[in-house]
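The values are calculated or read from the model by the stated rules, or taken from the named source; none is laboratory data. Note that the coordinates shown come from a computational prediction; the quantities given were computed from them, not determined experimentally. Neighbour counts run over all protein chains shown; Cβ positions are idealised from the backbone, glycine included.
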Amino acid sequence: MSRRMKRMMDATIRNPIGLLLLAWLAAGGQLPPAIAGSLASDEPPAAAGAGANLADTAAAELRVSAAISAGQELAALQQIPLSERTPEQQRRARSLMAQQQHLQDAFDQFLKQPAVQSALEQLRQSNSGTSLEPSDFGQVQAQLAQMEGAVLFYPLMLEDRLELVLVTADAPPLRRTVAVSRADLEQAVANFRESLEKQGNDPFTPAQQLYEWLIAPFEAELAQAEAKAILLSSDGALRTIPYAALHDGEQWLVERFAFNRVNPRSLADLGTDSLESLRPLIGGVSETQFEGTVGGRDVKLNDLPGVAQEVDLISELIPDATVLLNDELSEVELLERVRNHNIVHLATHTLLMPDTPQDSLLLFGNEEIVTLQDLQNWDLSGVELVILSGGRTALDVELGDEIGLTSFSYLMQRAGAEAVMASLWDFSDFTPTVLMPEFYQALITGYSPAEALQQAQIAMIREAAGPEVRQVKASLTIINADTDSESEHPSLRGFAHPYHWAAFVLTGNGM
């Protein structure tokens with residue numbers, strides 16, 4: 001049995017109704033008349049006795065699981081001009097349209113539930129436009145039709161359960177309910193984060209638990225959609241995790257899917273071709289002895305020797321790159337030069353200050369500080385990709401009523417950048433030295449930013465980095481204590497632990 005078929009079977013078996021249907025099919029090869037009749041009907045299921053309710057519920061589950069293939073069939077029929085369709089094709093098209101409408105009506109009713117309405121309102125108030133809303137799904141679906149193998153995953157956390165929504169190009173939004181409370185889910189997220197932030201920790205158990213809750217319920221649908229890329233719009237604690245580092249029991253999800261976070265600012269350009277040429281402006285700070293008070297805290301920042309190697313390796317791959325290193329890097333110089341480049345790459349210290357978020361900073365040359373407040377005045381129009389290879393540049397902080405929940409990543413988008421690659425936690429100084437050359441090599445090869453990040457992460461997992469990176473790894477003389485520690489699990493040694501590769505996430509138009 002293929003791996004994909006096994007996952008589809010597992011997803012069916014997890015569903016009691018699916019298990020019952022499998023048993024029926026195995027016994028006689030035929031669906032019970034009540035279920036077969038309900039599936040064939042173009043009318044919504046009607047309430048009746050217990051047996052009919054079971055049949056109707058089973059039929060509804062089958063409609064949902066078959067919605068993608070039905071949508072694909074309908075799309076093919078709609079390509080045939082009406083005047084050229086046979087009576088059977090026209091009848092089939094009407095039947096499929098009715099089934100799709102039933103699913104859409106059911107989803108619309110779900111959105112009207114008081115608990116769901118309350119959760120969506122809370123999301124609007126807390127995220128200040130950084131998450132999609134169900135009203136955006138129609139636009140997303142139209143754009144998915146232009147992106148081969150892409151789907152949108154939208155988890156919604158309620159107090160007593162988790163609601164999962166999958167949007168594909170070929171069906172109304174599909175929904176699954178997972179019986180896990182917000183408190184239990186947030187604890188699992190905290191456990192997962194803890195397992196990722198130090199190489200000596202074992203991430204498999206928490207990574208598999210979150211996979212079971214978040215992705216496993218839609219395995220059959222992901223297979224039907226032939227998904228290769230998952231667009232993400234998450235809320236709450238789920239914004240702080242890298243879905244790439246979830247584990248299905250056989251492999252990390254990044255080995256199956258590219259991941260791209262989206263928000264309302266992503267929708268205008270989502271799926272449009274980008275980076276036909278690579279014109280990077282690279283700013284880096286490898287030498288500093290910054291000492292000062294930031295947000296009421298004493299801060300001391302030391303040299304980042306890995307940055308110089310990171311910049312050198314990228315420059316070797318793209319000789320025309322513009323480099324501003326150490327004292328050459330100032331805010332004025334960067335913003336003056338940016339108009340001639342479509343990639344901005346900043347390799348430097350970052351500090352996230354949750355207590356005084358306006359003081360969160362990027363360190364430029366000559367100990368110049370650029371804060372989150374300063375970023376509100378930047379103009380990055382024409383920049384297709386910003387890369388922030390310092391730590392925790394994708395995490396959110398609250399920046400007042402006007403901006404609300406935000407991050408370095410979001411403010412770069414707000415300034416005009418189409419996509420931003422940033423990080424969820426601090427890591428070894430040399431982690432970007434290994435990952436970034438792989439990322440740029442994939443861009444040169446023709447991968448999209450989301451795909452290039454996936455390829456770079458897979459290279460680190462499989463220790464398949466190119467010769468230049470292998471040379472760097474062999475010559476590292478300064479090793480962070482966390483990096484030097486070895487996991488007992490052989491598949492987590494070296495740079496294969498998600499501590500190194502999973503921190504980076506892509507937001508915006510990375511497809």
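At a glance:
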read-out: Residue check for Thr240: out of contact with any Ser or Thr (no Cβ under 7 Å at 6 or more places or on another chain) and without any contact (Cβ under 8 Å) to a residue 60 or more places away in the chain; value: no
read-out: Residue in segment 316-325 that is touching a Pro at 6+ places or on another chain (Cβ under 9 Å), of a type outside the set (A, V, I, L, M), assigned to a helix (DSSP H, G or I) and surrounded by fewer than 20 Cβ atoms within 10 Å (Cβ to Cβ) present; value: yes
read-out: Candidates Ala223, Ala227 - the one that is not assigned by TED's automatic domain parsing to the domain that holds Met412 and not in a loop (DSSP other than H, G, I, E, B); value: Ala223
read-out: All positions within segment 291-311 that are part of a helix (DSSP H, G or I) and crowded, with 19+ Cβ neighbours inside 10 Å; value: Gly306, Val307, Gln309, Glu310, Val311
read-out: Leading residue by the ranking (surrounded by the fewest Cβ atoms within 10 Å (Cβ to Cβ)) among those in segment 258-274 that are in a helix (DSSP H, G or I) and of a type outside the set (Lys, Arg); value: Pro264
read-out: Residue match in segment 105-112 (condition: in contact (Cβ under 8 Å) with a residue 24 or more places away in the chain and exposed (fewer than 13 other Cβ atoms within 10 Å of the Cβ)); value: yes
read-out: Selection from segment 427-457 of residues that are assigned to a loop (DSSP other than H, G, I, E, B) and over 19 Å from the mean Cα position of the chain (by Cα); value: Phe427, Ser428, Asp429, Phe430, Gly446
read-out: Selected residue (only one of Ser126, Ser135, Ser118, Ser131 is closer than 27 Å to Gly236 by Cα, of a type in the set (Ser, Thr, Tyr) and not in a helix (DSSP H, G or I)); value: Ser131
read-out: Residue ID - surrounded by the fewest Cβ atoms within 10 Å (Cβ to Cβ), chosen from residues in segment 244-257 that are assigned to a helix (DSSP H, G or I) and in contact (Cβ under 8 Å) with a residue 60 or more places away in the chain; value: Glu255
read-out: Of all residues in segment 353-365 being in a loop (DSSP other than H, G, I, E, B) and crowded, with 21+ Cβ neighbours inside 10 Å, the one that is farthest from the chain's Cα centre (by Cα); value: Phe364
